[in-house]
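Worksheet: one structure, shown below.
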Amino acid sequence: MGVFKLGKMTFGSLFKKPETVLYPIETKPQPAGLKGHIAIDVETCILCGMCDRSCATNCITVNKQENYWEIDRFQCVQCGYCITVCPKKCLSMDPNYAPASTVHKADRFDVPTQDAAPAKKAAEKADAPQPAAASAEDVEKTSEAVDSALEGKIALMDPEKAEKVRAALAARNA
Amino acid sequence: MGKKSIIPFGPQHPVLPEPIHLDLVVEDEVVLEATPQIGFIHRGLERLVQTKDYNQFIYVAERICGICAFGHSMGYAETIERLMGVEVPKRAEYLRVIWHELSRIHSHILWLGLAADAFGHEALFMHCWRLRERVLDLFEKTTGGRVIFSVVKVGGVQRDIDKSMLDEFISVLDGIKDEYIQICNAFLNEPSVYNRTAGIGVISPEDAWNLSMVGPFARASAVNYDVRMLGNGAYGDLSDFQPILSNNCDCYARMEVRAAEVPQSIDIIKELAARIPAGDIAVPVKGAPDIDAEACNVLEQPRGECFYYAKGNGTKYLDRMRMRTPTSQNIAGMAVALKGCDVADVNMIVLTIDPCISCTER
Ligand code: SF4
Ligand code: SF4
């Protein structure tokens, strides 16, 4: 055993470049996969609300009536779960951190109305020969099946969320 | 002969990163008895299983602890996979273990730095944390986060590490090995450090066994137990795994064990990186755990064995989730180690169990 075991390393540090950078004048390079903030491609979003329902911190709000997608950056924990559940893959993780802010305000993105697309589809449908079997009875049956499937799903949700979903459904049916 | 008096130690104390309170019964600068008290930062995370479904809870689980964040998400995911009978792809298992060992390296280097700080060696503390930064950079590059990674999911992992990145892992780890050996030399062979730690806070192997101590704290008292020996997941594919033990049972031994576990982890990462199989990194998981299904799991966290228990109730919300963390096992041992020590050594002994109070209270 001898003293000054760290002598060599400490002496060497005198001549090395500092380990730290002069933030904010200088910043460290960002790796490509850094979790900065959630970005949305509004063109592909169909406002299905999957991200809203699956976010663990409830920071996303999807409003189909007013066509917007909103995120509260103060609450988002960058877990990326919303990205994995989005059926249209329109969410992504941007490597830049969201800028600092002094006011608590959610970021709102207006999603272009989907009317144009469905209208086109409807027009195509009208052109196509109507399937003869699509009687009123059948429509009722399928909607019943959809409802029961939804009920099953709602039963799996937590009570608060289930309440919300029920209210949304009632509003839609009304 | 002095008078018996009680000195309160903590919950706010310079040596403690987290709040724990100790009542030290002192006579003539000698601690006769120490009574620990916890409960300052209970967050009730386990109850959140009732409002977050089993997929969302993984992001809660990794917030149990800022240092073993990866371990907790991995332990939780493995428990749910057992609960639902999900078979995880081999590549995902390997990636999990690689990240987990990397977090062990950063945790142990962090601890060595804190220990250096506790015995007043500031330069050593800075050097340790400088090395740890390299490891955190690797995490940042592969997971996108430095502390909270959110990279494990039920059924696998979310991100892959490609071949070139694995090579970078190895070159970075080899790069720090040289400096690490110099730092360890200062820890283990410097007389000032030795005098401060040797013979302090001795726990006999019998006591360690009877008090169910876990992790490096127990292994420094010659308890031959490390969950990695059981060969869960990719640990089973290692060609050889021997827990690192010491017979000295004192603060110095605990430092020795942790110092030696870092090169061991580096070797594990190297071996797994060389043998990692190609293939999927996740399998889709559908449905919910069955009613009354139960599953248990153990995982070696940097601080020792962590036990997980989960119970399903037929919905996506778990009925119950329990974790028993290493520090809660070690607090009893710490109280015994403190008996008969000098007041000046209390901080050193408290630190050598590597207390993680946030884990303990969840
Ligand atoms: S899940 Fe995707 S498509 Fe659906 S609302 Fe969210 S961002 Fe839009
Ligand atoms: S990253 Fe996580 S917390 Fe943020 S919006 Fe997506 S699901 Fe919610």
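Brief remarks on what is shown
- Sole residue being on the phi > 0 side of the Ramachandran plot and open to solvent by 40 Å² or more (accessible area, probe 1.4 Å), chosen from B:ASP319, B:ASP267, B:ASP292, B:ASP280: B:ASP292
- In summary, B:MET229 fulfils each of the numbered conditions (1) open to solvent by 30 Å² or more (accessible area, probe 1.4 Å); (2) not in a helix (DSSP H, G or I) with the single exception of condition (2).
- For the stretch A:21-34, the condition of being within 10 Å of the chain's Cα centre (by Cα), surrounded by 11 or more Cβ atoms within 10 Å (Cβ to Cβ), within 15 Å of ligand 2 (Cβ to nearest atom) and more than 30 Å from B:PRO191 (Cβ to Cβ) holds for none of the residues.
- Condition check for B:VAL25 on (1) modelled with pLDDT of 85 or more; (2) more than 21 Å from the chain's Cα centre (by Cα); (3) surrounded by 19 or more Cβ atoms within 10 Å (Cβ to Cβ): one failure, at (3).
- Exactly one residue out of A:VAL77, A:VAL62 is among the aliphatic types (A, V, I, L, M), within 16 Å of ligand 2 (Cβ to nearest atom), within 12 Å of chain B (Cβ to nearest Cβ) and surrounded by 15 or more Cβ atoms within 10 Å (Cβ to Cβ), and it is A:VAL77.
- Scanning the stretch A:86-107 for residues that are within 12 Å of chain B (Cβ to nearest Cβ) and within 8 Å of ligand 2 (Cβ to nearest atom) returns a single hit, A:MET93.
- Check on A:ALA39, within 16 Å of ligand 2 (Cβ to nearest atom), at pLDDT 85 or above, in a loop (DSSP other than H, G, I, E, B) and open to solvent by less than 30 Å² (accessible area, probe 1.4 Å): no
- Flag if B:GLU93 is more than 24 Å from the chain's Cα centre (by Cα), among the charged types (D, E, K, R), under 30 Å from B:ARG228 (Cβ atoms) and modelled with pLDDT of 85 or more: no
- Taking (1) closer than 30 Å to B:CYS184 by Cα; (2) open to solvent by 10 Å² or more (accessible area, probe 1.4 Å); (3) among the aliphatic types (A, V, I, L, M) in turn, B:MET84 satisfies each apart from (1).
- B:PRO36 being part of a strand (DSSP E or B) and away from chain A (no Cβ under 14 Å): yes
The values are calculated or read from the model by the stated rules, or taken from the named source; none is laboratory data. This structure is a prediction, so every number in the text was calculated from the model and none was measured. For neighbour counting, all protein chains shown are included, and Cβ atoms are generated from backbone atoms with ideal geometry for every residue, glycine included. The protein model used for the area step is the full one, side chains on, heavy atoms only, and it has no ligands, DNA or RNA in it. Shrake-Rupley method; radii C 1.70, N 1.55, O 1.52, S 1.80 Å.
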